[in-house]
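Worksheet for the structure shown next.
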Amino acid sequence: MIHAEIISIGDELSSGQRLDTNSQWLSQQLGDLGVRVLFHTTVGDELEANVQVFQMALGRADIVIATGGLGPTADDLTREAVAGATGKELVLDEAVLGQIESRFFRQARSMPQSNRVQAMFPAGCQVIPNPHGTAPGIDVEVQRHDRGPSRLFALPGVPAEMREMWNATVEPRLGEIPGVAESVIVHRRIKCFGAGESHLEQMLPDLIRRGRQPSVGITVHKATITLRVTAAAPTREEAVEQIQPTWALIHEQLGQLVYGQEDDELQHAVAQRLRARGENVAVAECGTRGMVAQWLGNVPQQEDFFQGAVVCTPTSQGAGLFSEHGIPEFGSENSVQAMALAVREHFGTDWGLAVGEFPSREEQQQGSGEFCLALAGDRQMESRMRRFAGHPDILLERSAKQALDLLRLRLLREDAAD
């Protein structure tokens, strides 16, 4: 399999001031060509560091894609770094210089002398045209003693320019490289909630092992677990077909721990079930910053299933509104149950979902806290007490997700009973 490295260049990236979205997009494009991306490298605007990064990448990757550093200013070092890493001299391309001058002329501007550097290229390279900017790209092949050549493509960091140059020039040129586009890499993601990462791994012992095809990777982010199933095949259809048995086995083994796929979040799973049943929900939150309400409210066409929310702290006016419904003192399981009943009655919904987190000051300082979830429907009330440890912001997300999952699982049971 062909291996690639993506290099992102710029102090704004290495310092964390700007998010690198180019690498994510390029990785997806390379995967569609059957190229496996093994390395993402970010380097600041320092010439020696850039030369070292390019030399390392050309030594270990068959394809190197770099973005950034092709502008006209003193900190745009990619041309010089590529020349240094490949042992080539920078030479002026008169045709490209004429194109840059023409661009300025069409805008009734004179070209600054600094833009002349954008027509300098390592000797013997191919130019990658830039239809909408003054920074053409670089395409250079480097011979290696111990294996086949490595191909380096340097593109502007501006996403729109980079993507157009990729589609128009780089991807077609990659297709000419032996081994590229001979297979397709397909990734499918299964989203899970309700168990820890190690527990899920124990439930899928033969699927997570190294060297398996299709491969199954597992990641966790704020209590949501993602299983990534990856297959490579000559066509996308064949890769998807390879994935299907593993996909089905994961669903069979994990059951209701699986709530969705790809970019699904718990609120999407809840919305889907409520819509399918023609039902709706209202939410009451105390001490959770309205996270459940915000997530549900951001689902497209949320008015179909989400009727409203009351968000408060134990001492706010919202808490006073609940007191009109005879809610006991805040901070107990009974109070959260009463919140669920009250919000269901107030909005006239099929379901009332409540979450209240009431950590003491000492618990907050220690990064832990106890909270309660309650769900009121026609048939019964159910509630759960939970205690978590971690950063306060993570605790809030975990409690909000637990509340949504309580409703999701109840709806699944209702479906099974109908």
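Every read-out reported here was derived from the displayed coordinates using simple, explicitly stated rules and does not represent laboratory data. Owing to the predicted nature of the structure, the values given are computational and were not obtained by experimental measurement. All Cβ positions, even for glycine, are placed from backbone atoms using ideal geometry, and neighbour counts span all protein chains on display.
Side notes on the structure shown:
- Amide H contacts of Asn280: Asp350, Trp351, each under 5 Å away and 5 or more positions distant or on a separate chain (H built 1.01 Å from N in the peptide plane; Pro and chain starts excluded).
- Listed residues Gly290, Leu254, Met56: farthest to the positive end of the dipole of the chain (Cβ charges): Leu254
- Coarse-grained scattering of the chain at q = 0.06, 0.09, 0.12 Å⁻¹, given as base-10 log I(q)/I(0) from a Debye sum over alpha-carbon atoms: -0.39, -0.75, -0.99
- For the chain, modelled as a GNM whose springs connect Cα atoms under 10 angstrom apart, the maximal fluctuation among Gln107, Gln202, Gln244 occurs at Gln107.
- Difference of contour (0.36 nm per residue) and Cα-Cα distance, Ala95 to Ser110: 3.7 nm
- Among Ile243, Thr219, Ile190 - extreme Cα towards positive end, dipole of the range 184-261, charges at beta-carbon: Thr219
- Arg163/Glu238 FRET efficiency (R0 25 Å; Cβ-Cβ; nearest 0.05): 0.35
- As a length-normalised measure over Cα pairs under 8 Å and 6 or more apart, the relative contact order of the chain settles at 10 percent.
- Top of Arg36, Arg18, Arg379 by mean-square fluctuation, Gaussian network on the chain, Cα under 10 Å: Arg379
- Magnitude of the charge dipole, the range 3-174, Cβ model with Lys/Arg +1 and Asp/Glu -1, debye to 20: 340
- For the pair Asp146 and Arg210, the difference between a 0.36 nm per residue extended length and the Cα-Cα distance amounts to 20.3 nm.
- With coordinates expressed along the principal axes, the C-alpha atoms belonging to the range 49-172 extend over 52, 27, 23 Å, beginning with the largest.
- Cα gyration tensor category, rounded, prolate or oblate, for the range 121-182 with a/c compared to 1.5: oblate
- Backbone HN-Hα couplings from phi across the range 41-55 [Karplus 6.51/-1.76/1.60, Hz, Gly and Pro as x]: 10, 10, 9, x, 7, 9, 4, 4, 5, 5, 4, 4, 5, 5, 4
- Between Tyr259 and Lys191, Cys192, Phe193, the built amide H atoms are under 5 Å apart, and every one of these is 5 or more places off in sequence or on another chain.
- Amide H contacts for Thr42 (H built 1.01 Å from N in the peptide plane; partners 5 or more residues away or on another chain; cut-off under 5 Å): Ser8.
- In the chain, the DSSP-assigned H stretches of four residues or longer account for a calculated mean residue ellipticity at 222 nm of -11500 deg cm²/dmol, using -39500 (n - 2.57) per stretch and the full residue count as denominator.
- Radius of gyration and Dmax over the Cα atoms of the range 1-62, both given in Å: 12.1, 35
- The HN-Hα couplings worked out from phi for the range 303-312 by the Karplus form 6.51 cos²θ - 1.76 cosθ + 1.60 (θ = phi - 60°) are 5, 5, 9, 10, 9, x, 8, 10, 10, 8 Hz, whole numbers, x standing for Gly and Pro.
- Whole-Hz couplings from phi, Karplus 6.51/-1.76/1.60, listed for the range 5-14; x for Gly and Pro: 10, 10, 10, 10, 10, x, 4, 5, 8, 5
- Per residue, the convex hull spanned by the Cα atoms of the range 184-261 amounts to 79 cubic angstrom.
- Among beta bridges that DSSP assigns inside the chain, antiparallel share in %, nearest 5: 60
- Taking the DSSP beta bridges with both ends in the range 2-144, the antiparallel portion is around 35 percent.
- Placing a pseudo-label 7 Å from each Cα along the Cα-to-Cβ vector at Asp263 and Met381 gives an inter-label distance of 4.0 nm.
- Nearby lysines by direct alpha-carbon distance to Lys88 (threshold 28 angstrom, same-chain neighbours under 8 apart not counted): none
- The angle between the Cα long axis of helix 392-417 and the main principal axis of the chain comes to about 70°, on a 0 to 90 degree scale.
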